[in-house]
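> Mind looking over this structure? Questions follow.
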Amino acid sequence: MADRRYETVIIGAGPAGMGAAIPLQKAHRDVCVLDRASFPRNKTCAGLVTLKTYRLIDRLYGGNIPEGLFCCTSEEVRLYRRTQLLVSAPLKRPVHLVNRREFDNALVEEYKRLGGVLYEGEARLCIDYDADTVTLSDGSTIAYDNLLFADGALSKAHHLISTDKRKMALGIEAYLPSSALAYSSVGLYFGYLDDGYVWVFPHGDTVCIGAANLYDKKTDYRGLLTGILNDLGVSPDGVKYIGAFLPYGEVIDQERLPDNVMLLGDAGGFTDPISGEGLYMALQSGDCAAQAIAEAHPKAAYLDAMQAIVRIVNDGKKAQKTFYSPMIQKIFTSTVKGRSGLVAYFFEQMVEDYRCEYRDIRKLLTDYKKQSKE
C-alpha cells in the first residue's frame, strides 16, 4: 500500500510541469510535483517570451504578473550572417525575456504559495507502471491516477519506448556580463551551423549567448561557441558553458505509453523546429494537460487538445530541412538583407503568434507583398 496518493503526479517542475500544476492547484485538484533538482537551478534556454507565451504566463498569474519576472525587453530583432548585420527590424510590441533560473523558480514559488506539494532533489525515482506508484529516494511510495512527465528531452518515460539522441538537438550557452558584450536587442546569427543558429539575447545585467543544432557527437560545441565569442571580440577566458539536449522536430508517440501517462513540453518533443521556441509549447502542453485531467478520459482529451501543436512541430520539421539547405540559406540572406518590414512582419505573424502555419508560409509572403503595396 502506498504511503500517499494523488490524483496527478507530475515529474518535472519546469514551465511544462508548473504549467499543469498551477492550474490544477487552483482548481483544488489533488496534485504533487517531483523534481530531481533543488530550485533555483540553471536551465539552457535563450529565454525569449513571445506574445503567445506571455498570454499563458499572464493566465498562470491570474492577470497579475509579478514585477521583475522579466529580466528585460527588446524593441527590435537583428539578423546576422555570421558577424555581418543583415537587418535591424523594429517591433510594434517589445518582446520580453526571462532568465530561466529565476523564471522557473518564480513559477515554483507561485505553485508553493498556492499550497502545492513539491518534492525536490528526487534524482532516483523508481516508477512501477503496473502498480501506478512512484518510490521516492527515502523509500516512501506515492500512488497516482495520472502520471505527467515534464522532465525534459531525456525524460525518464522514454525508456518505455525507443528514442534516438541523433534526432535531438544539443544546445549550449553562456552568460556574460553586459559590460563584456553590450547588447540590447534580440540577435540571431546564421551561417555558423548547418542546421541551427546562434542567439545573443540581452538579459538585464548579463547577455545570453548560445547555439543549438542537430546533435552530432563529433562536434566540439564548446569550441564552436568559443570561436563565435572570438568573432564577436569577446575573450572566452573564464566563460562557463552549460548545455542540454533539446527536441528537434520529433514528436514522441504517446499512444505507446500507458493510458494514464502523458508527456509534456520537451519530454513530448514539443519544440518549434524552426524558431527553436520551447517555452510556449511547454506552458501550452501543461495547460492542456491540466484541463484534460477533469475529463473522463484525460489522456485522450490531452492528445486531442495537442493536435495543433503536433501539426506545428511536424510541419516545422519538414520546413526545417528546406530552410537550412545551402541554397535556401543563400536566398534567405539576400531576401531579408535590409528589409526590416518583412522581418518584423514575419516575426509578428509566425514567432509572436502562430497566425499562419508553416505549410502556408508562401501565403504569408504573398500577404506581406499585398500589404506593402497598400
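> Tell me the net charge near ASP151. Cut-off is 14 Å between Cβ atoms, ASP151 excluded, with +1 for each Lys or Arg and -1 for each Asp or Glu. Please report the intermediate quantities before stating the final value.
Values: positive: ARG36, ARG41, LYS43, ARG124, LYS156; negative: ASP35, ASP104, GLU120, GLU122, ASP266.
Around ASP151, the surrounding residues sum to 0.
> In angstroms, what radius of gyration and Dmax does the range 100-155 have, counting Cα atoms only?
13.1, 37
> While we're here: Let me have the 222 nm mean residue ellipticity of the chain computed from DSSP H runs of 4+ only, each contributing -39500 (n - 2.57), with the sum over all residues rounded to the nearest 500. Display every interim value, and only then the final one.
Working: 10 runs with 117 residues, N = 374.
Helix-only estimate at 222 nm: -9500 deg cm²/dmol.
> Take the range 87-130, compute every pairwise Cα distance, and split them into 5 Å bins from 0; I just need the percent in each bin.
5, 14, 12, 15, 15, 13, 8, 7, 6, 5, 2, 0
> Sticking with this one: Hey, if we sort CYS32, CYS71, CYS126 by accessible area with the 1.4 Å probe, largest down, what's the order?
Details: CYS32 0, CYS71 40, CYS126 80 Å².
Order by accessible area, largest first: CYS126, CYS71, CYS32.
> Still on this model: Strictly greater than 22 Å: what percent of every Cα pair in the range 69-170 meets that?
Numbers: 3065 of 5151 pairs.
Here the long-distance tail beyond 22 Å is 60 percent of all Cα pairs in the range 69-170.
> Among ALA305, ALA294, ALA46, whose mean-square fluctuation peaks in a Gaussian network model of the chain (Cα, cutoff 10 Å)?
Highest fluctuation of the listed residues: ALA294.
> Which pairs in the list LYS92/LYS337; LYS337/LYS369; LYS92/LYS330; LYS26/LYS52; LYS92/LYS317; LYS92/LYS363 are over 24 Å apart, alpha-carbon to alpha-carbon?
Numbers: LYS92/LYS337 20 Å; LYS337/LYS369 16 Å; LYS92/LYS330 28 Å; LYS26/LYS52 22 Å; LYS92/LYS317 29 Å; LYS92/LYS363 22 Å.
Going by Cα-Cα distance, LYS92/LYS330; LYS92/LYS317 fall outside the 24 Å limit.
> Can you compute the equivalent ellipsoid semi-axes for the range 16-58, i.e. the square root of 5 times each eigenvalue of the Cα gyration tensor, sorted largest first and rounded to whole Å?
Working: eigenvalues 91, 66, 7 Å².
Ellipsoid semi-axes (Å, largest first): 21, 18, 6.
> Let me ask something else about it. If I stretch the segment between ILE65 and ILE331 completely, what's the gain in nm (0.36 nm per residue apart, minus their alpha carbon distance), one decimal?
Numbers: separation 266, 0.36 × 266 = 95.76 nm, distance 4.11 nm.
Net length gain for the segment: 91.7 nm.
> Give the long-range amide H neighbours of LEU34: residues separated by 5 or more places, or on another chain, with amide H under 5 Å away, using H modelled in the peptide plane at 1.01 Å from N.
Under 5 Å from the amide H of LEU34: ILE10, ILE11, GLY12, TYR119.
> Out of GLY121, GLY17, GLY187, any idea which swings most in a Gaussian network model of the chain, alpha carbons joined below 10 Å?
Maximum among the listed residues: GLY121.
> Sticking with this one: Quick one: divide the alpha-carbon radius of gyration of the range 38-123 by 2.2 N^0.38 Å and tell me what you get.
Values: Rg = 16.1 Å, N = 86, 2.2 N^0.38 = 12.0 Å.
Expressed relative to 2.2 N^0.38 Å, the Cα Rg reads 1.35.
> Also: Under the classification rounded if a/c is under 1.5, otherwise prolate if a/b is larger than b/c and oblate if not, where does the range 170-262 fall, given a ≥ b ≥ c as square roots of the Cα gyration tensor eigenvalues? Please report the intermediate quantities before stating the final value.
On the way: a/c = 2.54, a/b = 1.96, b/c = 1.30.
Since a/c reaches 1.5 and a/b is larger than b/c, the shape of the range 170-262 is classed as prolate.
> For the range 1-157, what percent of Cα pairs sit more than 19 Å apart?
Numbers: 7220 of 12246 pairs.
Percent of Cα pairs beyond 19 Å in the range 1-157: 59.
> Given 37 °C and 0.692 mPa s, how large is the Stokes-Einstein diffusion coefficient of the range 241-350 in µm²/s, with Rh as the Kirkwood radius over Cα pairs?
On the way: Rh = 15.7 Å.
Estimated diffusion coefficient is 209 µm²/s.
> If amide hydrogens are placed 1.01 Å from N in the peptide plane, which non-local residues have theirs closer than 5 Å to the one on TYR197?
ALA212
> Students sometimes get this wrong: rank LYS112, LYS321, LYS167 by accessible area, probe 1.4 Å, all chains present, largest first.
On the way: LYS112 80, LYS321 145, LYS167 105 Å².
Putting LYS112, LYS321, LYS167 in descending order of accessible area: LYS321, LYS167, LYS112.
> Another question about this same structure. For the chain, what does the convex hull of the Cα positions come to per residue, in cubic angstrom?
Numbers: hull volume 53.4 nm³, N = 374.
In the chain, the Cα convex hull volume per residue is 143 Å³.
> Taking Cα atoms, how many degrees apart are the long axis of helix 326-336 and the longest axis of the chain, rounded to 10 and kept between 0 and 90?
Relative to the chain, helix 326-336 is tipped by roughly 70 degrees.
> Can you tally the lysine pairs in the range 141-257 where the Cα-Cα distance is under 18 Å and the two residues are eight or more apart, or on different chains?
Values: LYS156/LYS165; LYS156/LYS167; LYS165/LYS217; LYS165/LYS218; LYS167/LYS217; LYS167/LYS218.
For the range 141-257, qualifying lysine pairs total 6.
> Looking only at SER155, SER88, SER325, which one moves most when the chain is put into a Gaussian network model with springs between Cα atoms under 10 Å?
Sorting by GNM fluctuation, first place goes to SER325.
> Further question: How big is the range 261-313 along each principal axis, measuring the range of its Cα positions in Å and listing the largest first?
The principal-axis extents, from largest down, are 35, 17, 15 Å.
> Okay, moving on. If each residue of separation counts as 0.36 nm, what is the full-extension length gain between SER140 and ARG362 once their alpha-carbon separation is subtracted? Walk me through the numbers on the way to the answer.
Numbers: separation 222, 0.36 × 222 = 79.92 nm, distance 5.58 nm.
74.3 nm is the gain from fully extending SER140 to ARG362.
> Another question, then. Solvent-accessible area per residue for the chain at a 1.4 Å probe radius, Å²? Before the final figure, lay out the partial values.
Details: 17100 Å² over 374 residues.
Accessible area per residue: 46 Å².
> Around VAL134, with a cut-off of 13 angstrom between Cβ atoms, what is the net charge of the other residues, counting Lys and Arg +1 and Asp and Glu -1? The partial results should precede the final answer.
Numbers: positive: ARG4, ARG5, ARG36, ARG124, LYS156; negative: ASP3, ASP35, GLU122, ASP128, ASP130, ASP132, ASP138, ASP145, ASP151.
Summing Lys/Arg as +1 and Asp/Glu as -1 gives -4.
> For the range 25-35, in order, what is each residue's ³J(HN,Hα) by Karplus, 6.51 cos²θ - 1.76 cosθ + 1.60 with θ = phi - 60°, in whole Hz (x at glycine and Pro)?
Per-residue couplings from phi come out as 5, 5, 7, 6, 7, 8, 9, 9, 10, 10, 8 Hz.
The values are calculated or read from the model by the stated rules, or taken from the named source; none is laboratory data. For clarity, every value in this text was computed on a predicted model and none was experimentally measured. Methodologically, a virtual Cβ is constructed for each residue, glycine included, from the backbone with ideal geometry; neighbour enumeration extends over all protein chains shown. Only protein heavy atoms, including side chains, enter the accessible area calculation; ligands, DNA and RNA are left aside. Shrake-Rupley method; radii C 1.70, N 1.55, O 1.52, S 1.80 Å.
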